[in-house]
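Novice: Let me begin by handing over the structure; questions about it come next.
Read-outs throughout are calculated quantities, based only on the coordinates presented, and are distinct from any laboratory measurement. These numbers were taken from a predicted model, which means no experiment stands behind them.
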Amino acid sequence: MKEQLALLRELQNIDLELDDIKSEKEQIVARLKENTSFLDKLVDDLNEQKEELEEIRSLQIRKKDDLDEVKETLSKKQKRLREVGSNKEYKAVEKEIEALKKSAEQTEEELLHLMEVIESTEKSIREKEDKIVQLREGIATDEAEAEQDLADLDDQIQALEDRQEEARSEVSRRVIHKYDFIRKRRTGLAIVPAKDGHCEGCYMALPPQQFIEIQRGESLEVCPSCNRILFFWEDAIDDEDVSVEAMEEA
Ligand SMILES: [Zn+2]
């Protein structure tokens, strides 16, 4: 049983290492996804702003037409002012001219404001376009690096899975079943040391008779409290660090 437990410890180290590498891969993939969605959002913003600019420009054209029309009417009225006969009519035309001048002034002011809005919108569009170019470059570099990292991680996974298969084949069916069952229920550790009469998984005291059985290492012992498989801590002193070795191999 001691040999079986040693194999389980090795298997657990491999499994933990695989968990780490797989979560590292997930993080890389998530980061790439985040990059892309950030870029997409910026491109959407840019397109929206370009549409806004088009709208402002067509408003500008309409306002210019309005202004031309007002100015034309104004010059007609001014011509007419010189031709009117009665004083009453003169006053009426003069009043119309005043109103037209005011309207022209107001439209000119609006056009000036629109010019400012157009300029700042154009500036913002240029800035966004520059930023998008930079971001695209950054993402391309990041993706190339990530691709290499992911390939390296896949190699590490392959090496670990080969060892995992090897270790599993050497453990008895009953023990491997127990191990898988516990690991599924308690993510992380399925086999833990028993030391000083305690389970190191949950720190509960073990019955003294069971602790003796664990030291003997002739039977499969599980913690009555957390159900994890137990081994005598001293048995693991010479265990090799599988994770470090797997890294060197990869
Ligand atoms: Zn326990």
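Novice: State, as an integer percentage, the relative contact order of the chain based on alpha-carbon contacts under 8 Å between residues 6 or more apart.
Specialist: 31 percent
Novice: Find the Cα radius of gyration of the chain, compare it with 2.2 N^0.38 Å by division, and give the number to two decimals.
Specialist: Against the empirical 2.2 N^0.38 Å value, I get 2.24 for the chain.
Novice: Below 8 Å, C-alpha to C-alpha, sequence gap of six or more: please give me the relative contact order for the stretch 161-247 in percent.
Specialist: So the answer I get is 23 percent.
Novice: Still on this model: Whole percent per 5 Å bin, from 0 to the bin with the longest distance: what is P(r) over all C-alpha pairs of the stretch 69-214?
Specialist: 2, 7, 7, 7, 7, 6, 5, 4, 4, 4, 4, 4, 4, 4, 4, 3, 3, 4, 4, 4, 4, 3, 2, 1, 1, 0
Novice: Averaging over all projection directions, find the projected area of the Cα convex hull of the stretch 147-202 and quote it in nm² with one decimal place.
Specialist: So the Cα hull casts an average projection of 5.7 nm².
Novice: Hey, how much of the P(r) for the stretch 2-139 falls beyond 26 Å, as a percent of Cα pairs?
Specialist: Percentage above 26 Å: 62.
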